[in-house]
Amino acid sequence: MEDQLADINRETLINLEAVHVLKAEWSYLNRPQRLETLGRDLLSLEPVKARQTLDISDIPLRPDSAAEIPAATATPAADHLPPSRQIQARPMIGRHPIPPRRTSLEQPVPPAVETGRSRLLIAGAVFAVAFAVVAGRLVDVTLFADGNEPRLAQSTGETSHHTDRADIVDRNGFCWRQA
């Protein structure tokens with residue numbers, strides 16, 4: 001059992017060292033100067049020029065309905081299938097299909113959600129009533145005090161209390177202070 005634990009600890013240390021080495025290599029390979037040099041040498045990128053920009057009005061708008069989007073041409077082999085079995089071409093933007101439009105955002109709410117909402121509403125009402133009671137009492141005590149509220153007790157003036165204390169003695173028996 002101890003041999004297994006020692007083996008696992010050894011493997012853990014080896015893996016931690018490998019992780020540190022990989023992190024160092026990653027940092028070395030991702031130096032900004034190195035990446036800039038590689039990008040300049042291998043990608044032949046250039047800064048954006050003013051003639052490459054477009055006005056927003058030059059960008060074509062997305063069609064409002066699927067009817068305005070030209071459908072893909074059907075293959076001749078699909079012409080002999082009944083319409084229910086033919087695959088309908090979906091409108092595409094490039095290689096990505098346009099999702100169908102939703103007709104309504106309202107969906108039926110499950111009963112558990114309704115129960116949770118009603119419980120939250122009741123809990124909120126209880127907290128509001130409790131807050132109103134505390135606030136009302138605070139206003140009553142501070143503004144409308146009529147002398148019936150209890151006050152702090154006043155002392156009679158005899159506050160001297162004499163207490164006996166023990167002697168302070170160290171471990172050698174020397175008395176540092178006598179009471």
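At-a-glance table
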read-out	value
Residue-count net charge about Glu25 - beta-carbon cut-off 14 Å; Lys, Arg +1, Asp, Glu -1	+2
Chain lengthening between Ala130 and Leu13 when straightened (0.36 nm per residue, less Cα-Cα)	36.2 nm
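A short reminder: the numbers here are calculations on the coordinates, not readings from a lab. Here the structure is a predicted model, which means the values were calculated and not measured. A quick note on method: Cβ atoms are made from the backbone with ideal geometry, for glycine too, and the neighbour counts reach across all protein chains shown.
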